[in-house]
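Taken together, the values in this text are just the output of simple stated rules run on the coordinates, not laboratory data. Small disclaimer: the values here were computed from a predicted structure and weren't measured. No Cβ is skipped: glycine too gets one built from the backbone with ideal geometry, and neighbour counts run over all protein chains shown.
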Amino acid sequence: MRVVLVSQDTAVAAALRDLGVEVVYLAAATPEALVSTAMQEDADAVAAPGALGAITALLADNGATDIAVVGVDSIAAWVVATAGE
């Protein structure tokens, strides 16, 4: 599983790696840059602290509706819940 993560908290990236997730870490990014990175990296999910609606809309506009958009505070639980899918 590959997640594009936007967070100032490196502990989130470390926790995801401990769960076996490949993390593409961005310290900061605009919604447009985040979507571009997620598509280039063939991500399964994007985790961001905000602008989730804008990110979801941009992914849809680019035909990437298979990429999940999850809040940073919920990404570890999402990974555990979707493991093996």
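Sorted ascending by nearby beta carbons within 10 Å, beginning with the fewest, SER7, SER74, SER36 become SER74, SER36, SER7. Its alpha carbons considered, the chain gives a radius of gyration followed by a Dmax of 11.5, 33 Å.
Helix-only mean residue ellipticity at 222 nm, the chain, DSSP H runs n ≥ 4 weighted -39,500 (n - 2.57), per residue, nearest 500. What is it?
Taking each H run of at least 4 residues, the total per residue is -12500 deg cm²/dmol.
When the charge dipole of the chain is built from unit charges on Cβ atoms (+1 for Lys and Arg, -1 for Asp and Glu) and taken about the Cα centre, the candidate among VAL70, GLN40, VAL12 whose Cα reaches farthest toward its positive end is VAL12. Run the dipole for the chain about the Cα centre, Lys and Arg Cβ at +1, Asp and Glu Cβ at -1, nothing else charged, and hand back the magnitude in debye, nearest 20. Taking the Cα centre of the chain as origin, the dipole is about 140 debye. As a calculated quantity, the FRET efficiency between SER74 and ALA33 at R0 = 30 Å, using C-beta atoms, amounts to about 0.90. What is the distance, in nm, between label points placed 7 Å from the Cα along the Cα-to-Cβ direction at ASP9 and at GLN40? The two pseudo-label positions are separated by 2.7 nm. Using a Förster radius of 22 Å, what is the FRET efficiency between GLU22 and ALA54 based on their Cβ-Cβ separation? Nearest 0.05, please. With a Förster radius of 22 Å, E is 0.35.
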